[in-house]
1. Checking the condition farther than 30 Å from Leu170 by Cα and either more than 14 Å from the ligand (Cβ to nearest atom) or touching a Ser or Thr at 6+ places or on another chain (Cβ under 9 Å) (or both), which residue from Ser288, Ser242, Ser260, Ser250 passes?
2. Scanning the stretch 265-281 for residues that are within 10 Å of the ligand (Cβ to nearest atom) and of a type in the set (A, V, I, L, M), which turns out nearest to the chain's Cα centre (by Cα)?
3. For the condition more than 14 Å from the ligand (Cβ to nearest atom), farther than 21 Å from Ile65 by Cβ and modelled with pLDDT of 90 or more, what is the one hit in Ile381, Ile389, Ile399, Ile352?
4. Output the number of residues of the stretch 1-53 satisfying the condition of being open to solvent by 100 Å² or more (accessible area, probe 1.4 Å) and of a type in the set (D, E, K, R).
5. Got a number for residues in the stretch 291-303 being more than 8 Å from the ligand (Cβ to nearest atom) and farther than 18 Å from Lys351 by Cα?
6. Test of understanding: among Val157, Val144, which residue is open to solvent by less than 60 Å² (accessible area, probe 1.4 Å) and outside any helix (DSSP H, G or I)?
7. Every residue in the stretch 160-192 that is open to solvent by 50 Å² or more (accessible area, probe 1.4 Å) and either farther than 27 Å from Pro211 by Cβ or in contact with a Cys (Cβ under 8 Å, 6 or more places away or on another chain) (or both), please.
8. Ile79 - would you say it is surrounded by 17 or more Cβ atoms within 10 Å (Cβ to Cβ) and within 16 Å of the ligand (Cβ to nearest atom)?
Amino acid sequence: MTSANKPTKVTLTFDNGAPPIDLPILSGTLGNDVIDIRALGKHGVYTYDPGFLSTASCNSNITYIDGEKGLLYYRGYPIEQLAEHCDFLEVSYLLTYGELPNAIEKKQFTNTISTHTMLHDQLTNVFRGFRRDAHPMAVMVGVVGSMSAFYFNDMDVLNLEHREVSAHRLLAKLPTIAAWSYKYNMGQPFIYPQNHLTYAENFMHMMFATPCEKYEPNPVLAKAFEKILILHADHEQNASTSTVRLAGSSGANPFACIASGIASLWGPAHGGANEATLKMLEEIGDVSRIAEYIKRAKDKNDTFRLMGFGHRVYRNMDPRAAIMQKTCYEVLNELGLHDDPMFKLALELEKIALQDEYFVSRKLYPNVDFYSGIVMRAMGIPNSMFTAIFAMARTSGWIAQWSEMISEPEQKIGRPRQMYTGKLRRDFVPTSNR
Ligand code: ACO
């Protein structure tokens, strides 16, 4: 629709003669227009939209996605340019403050984050309360939530300085928490952060160094890791981000809110997909078995889905998947793994699926998770850490979205409505009569 013939309102009419309701149509800077339905409740009707397929829950200046064209912008910058030219902290600054930092701002921000990387020493006791074999995501949910018991002096969400220091703590400490959840699982001593290293190098150092062996970061792998972090940093109002916003809308502290985001991200339909993709590739095992799995993915009586394929918003190639595929080549070349069987299997699976009528007609393309698992596996990162790394990256977007939500003048506690389909009123029956 051109701006000349764009409608500015829509009128809702009822088939029982009730008075019609005019609803304004609002336009953002990019993307679809939205019908402002806020007045509907006063008329005693609500909208019904399970899964929020047609509902904009907020307005936001942070991230823009055009799923049809396969575009992703952070604060107006295309993801391809950011992944090519920026480091993760620069992107985090952009997400939170709205602009890329100049050289002085970048140095100051990097310095601030570096000086918050260490955890309160008592937090090591929280780690030790978990079973050794606990999933890193279970540990992350617990430890990040418990940060509110350590940093409660600066948690007033209406205080801008408190919000900022909490944001810095989260961004700085997430790599330490993620790496330590792995170390704890391995039964190895916790490795302390080294503040002269970059964000990516520092995480890899905390994952792979031991007190007996230093870790020398490989620049190609560190760059690839920065890319993974940048590509996962934000993705507008997805399930985990909406969870963070909803949790935060009650005024809950930022550590509790980010912990809720981590919990939501854990699911296999969301952040757990890269781990699930690799498990699936391992299960397929060989190119000769692809046809069998494609058949299963298409069978409505089989719960199997092609993991790393499909996306709620992208109905074209996920732009992050294309960057990740290229990064995959770079990492495998650097490590001399050109013939990596898993990568070959993934390429072949993608090729076959993209020619298959089922996937083509449903616009199911590989998403970012299809290749990120292969890259991380080649770096020596175990499957169980994939979602934890996603959480570490997405913390940057969650913080930006949470801050934006709190600063919104019209901010209200999130409270969706429902259509009740349960029993009508009935009277209590004593146990002996049931
Ligand atoms: N394999 C097989 N069929 C699929 C797949 C898949 N991966 N994804 C969707 N479909 C089919 C559905 O069965 C459905 O078919 P139908 O119309 O015949 O019933 C159709 O495509 C539409 O699927 P929906 O589930 O309605 O799509 P939705 O947008 O709700 O789901 C989702 C998106 C959850 C990502 C889905 O594609 C999926 O489960 N993918 C696999 C998991 C995955 O990779 N998740 C990562 C998401 S990206 C991220 O979080 C970073």
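1. Exactly one of Ser288, Ser242, Ser260, Ser250 is farther than 30 Å from Leu170 by Cα and either more than 14 Å from the ligand (Cβ to nearest atom) or touching a Ser or Thr at 6+ places or on another chain (Cβ under 9 Å) (or both), namely Ser288.
2. So the residue we want is Leu265.
3. That would be Ile381, the only listed residue that is more than 14 Å from the ligand (Cβ to nearest atom), farther than 21 Å from Ile65 by Cβ and modelled with pLDDT of 90 or more.
4. 4
5. Result for the stretch 291-303: 4.
6. Val157
7. The answer is Leu160, Glu161, Glu164.
8. Values: surrounded by 17 or more Cβ atoms within 10 Å (Cβ to Cβ): yes; within 16 Å of the ligand (Cβ to nearest atom): yes.
When the stated conditions are applied, Ile79 passes them.
The values are calculated or read from the model by the stated rules, or taken from the named source; none is laboratory data. The structure presented is a predicted model; accordingly, all values stated were derived computationally and were not measured. Ideal geometry is used to build each Cβ from the backbone, glycine not excepted, and the neighbour counts take in all protein chains shown. Side chains included, ligands, DNA and RNA excluded: accessible areas come from the protein's heavy atoms. Shrake-Rupley method; radii C 1.70, N 1.55, O 1.52, S 1.80 Å.
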